[in-house]
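So the structure is just underneath, and the comments pick up after that.
The values are calculated or read from the model by the stated rules, or taken from the named source; none is laboratory data. Model, not experiment: these values are computed from the prediction. Cβ sites come from the backbone with ideal geometry, for glycine too, and all protein chains shown count toward neighbours. Accessible surface is based on the protein model in full, side chains and every heavy atom, while ligands, DNA and RNA are left aside. Shrake-Rupley method; radii C 1.70, N 1.55, O 1.52, S 1.80 Å.
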Amino acid sequence: MGRLAQTDGLTEIQRDILATVRDFVDKEIIPVATELEHKDEYPTAIVEGMKQLGLFGLTIPEEYGGLGESLLTYALVVEEIARGWMSVSGIVNTHFIVAHMINAHGTQEQKDHFLPRMAAGEIRGAFSMSEPGLGSDVSAISTKGVRDGDSYVLNGQKMWLTNGGTSTLVAVLCKTDEGGSSPYKNMTTFLIEKTAGFGPNPAVPGLTVPGKIEKMGYKGVDTTELVLQDVRIPADRVLGGVPGKGFYQMMDGVEVGRVNVAARGCGVARRAFELGISYAQQRSTFGKKIAEHQAIQFKLAEMATKVEAAHQMMVMAARKKDGGERNDLEAGMAKYLASEYCKEVVEDAFRIHGGYGFSKEYEIERLYREAPMLLIGEGTAEIQKMIVGRRLLEEYRIAD
């Protein structure tokens with residue numbers, strides 16, 4: 001396994017979980033990932049295997065049938081899965097965010113209704129905040145929910161839903177204009193149950209998932225739009241039962257999602273390092289293995305340092321959240337550092353492979369197309385810098 005990206009202070013249960021997941025990744029994901037990715041094929045067998053391992057209920061409390069594990073355990077599991085194929089980690093990420101939001105903010109009825117089936121993998125979640133014209137400015141949301149008796153009528157268009165087609169539960173952020181002058185108090189999260197598939201949804205009149213968005217990487221997992229035309233949702237499917245709290249609920253979800261993206265960056269970077277150091281010991285130039293050339297050793301040293309630094313930052317951010325502390329500073333730092341370092345480590349591994357790195361026969365070609373998604377997912381690098389900068393000014397503000 002090597003000495004990189006080790007985590008001190010884990011319990012025996014955590015170590016057993018990680019060992020089981022690592023074995024699953026090595027045997028069930030890595031051997032088929034590149035073939036499935038090139039076909040843009042949903043990894044049905046892998047998902048079924050994760051259901052059997054209980055990974056969809058990893059952080060859901062035991063009282064609802066889950067394993068009740070920490071954010072740190074989940075992040076380390078995601079790191080291992082992303083090392084095998086980043087798209088698979090995306091399948092569990094949005095599910096985890098929705099489960100976290102329901103457990104943290106939902107009514108008791110919502111917890112009882114959704115969490116047991118989410119823990120079993122019978123319901124799989126998707127998370128819908130972004131819109132075609134929204135970008136990073138959440139206050140510019142235009143999808144609207146209007147109260148009509150005991151229901152809300154939703155209209156609008158959402159964008160960039162991971163698992164948009166395969167999910168059966170979507171947490172959708174809408175503008176509801178019930179909270180006064182602040183735009184952030186006029187947003188509400190709705191829990192929409194639907195059937196899996198594309199096109200008009202037979203279970204939810206007016207809801208349409210047009211089809212998969214074609215992407216340069218991050219294939220296999222479906223990324224979609226979501227169109228809502230006079231979709232009627234019962235008022236008891238407002239997350240938490242009270243409108244106007246959607247922005248804060250979504251930001252809580254995004255905060256843990258950033259730790260997840262950091263973990264994905266760590267996993268992809270570690271796999272790129274493994275591929276690079278392995279290839280460097282096989283390829284010969286000028287009469288010796290390229291690993292013996294000082295220039296390659298310098299690259300390997302830099303790559304390993306970045307893998308280790310990103311991992312430790314991610315672990316710190318997860319432990320802060322698990323400890324009940326505010327972790328937006330650490331989550332922003334971890335997401336920024338891990339995604340940037342991932343890009344750099346993957347590029348260096350790509351360079352070590354030389355011309356073969358450009359061939360689809362080599363795994364590094366897939367990683368090279370996957371890494372850029374991490375630079376923009378769950379907030380761009382620029383957004384992370386804004387978050388970190390503002391928090392630093394709060395922490396180090398001098399008296400006037």
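Within region 278-319, the set of residues being open to solvent by 60 Å² or more (accessible area, probe 1.4 Å) and either of a type in the set (Val, Ile, Thr) or in a helix (DSSP H, G or I) (or both) comprises Glu292, Gln294, Ala295, Gln297, Phe298, Glu302, Thr305, Gln312, Met316, Arg319.
Within region 165-188, is there a residue that is open to solvent by 40 Å² or more (accessible area, probe 1.4 Å), among the hydrophobic types (A, V, I, L, M, F, W, C) and within 21 Å of Gly121 (Cβ to Cβ)? Give the derivation first.
Step one: list which residues in region 165-188 are open to solvent by 40 Å² or more (accessible area, probe 1.4 Å), which gives 175, 177-178, 180-181, 183-185.
So of that shortlist, the ones also among the hydrophobic types (A, V, I, L, M, F, W, C) come out as none.
No, region 165-188 contains no residue that is open to solvent by 40 Å² or more (accessible area, probe 1.4 Å), among the hydrophobic types (A, V, I, L, M, F, W, C) and within 21 Å of Gly121 (Cβ to Cβ).
Would you say Gly9 is open to solvent by 70 Å² or more (accessible area, probe 1.4 Å), at positive phi, of a type outside the set (Ser, Thr, Tyr) and part of a loop (DSSP other than H, G, I, E, B)? Yes. Selection of region 320-344 for residues being charged (D, E, K, R) and outside any helix (DSSP H, G or I) yields Glu325, Arg326. Candidates are the residues of region 12-45 that are among the hydroxyl-bearing types (Ser, Thr, Tyr) and within 21 Å of Asn163 (Cβ to Cβ); the one that is least open to solvent (accessible area, probe 1.4 Å) is Tyr42.
Note on region 105-150: among residues that are assigned to a helix (DSSP H, G or I) and small (Gly, Ala, Ser), the one that is surrounded by the most Cβ atoms within 10 Å (Cβ to Cβ) is Ala119.
Val221 fulfils the conditions (1) assigned to a loop (DSSP other than H, G, I, E, B); (2) out of contact with any Ser or Thr (no Cβ under 7 Å at 6 or more places or on another chain) except for a single criterion, (2). Taken over region 232-263, the residue count meeting the criterion of being aliphatic (A, V, I, L, M), assigned to a helix (DSSP H, G or I) and open to solvent by 10 Å² or more (accessible area, probe 1.4 Å) is 2. Contact map, region 178-195: residues that are more than 14 Å from Val153 (Cα to Cα) and assigned to a loop (DSSP other than H, G, I, E, B) paired with residues that are modelled with pLDDT under 85 and open to solvent by 10 Å² or more (accessible area, probe 1.4 Å), Cβ distance under 6 Å, separation 6+ or inter-chain. Pairs shown: Asn186/Asp177; Asn186/Gly179.
Quick check on region 328-335. Is at least one of its residues open to solvent by 30 Å² or more (accessible area, probe 1.4 Å), under 20 Å from the mean Cα position of the chain (by Cα) and not acidic (Asp, Glu)? Yes, region 328-335 contains a residue that is open to solvent by 30 Å² or more (accessible area, probe 1.4 Å), under 20 Å from the mean Cα position of the chain (by Cα) and not acidic (Asp, Glu).
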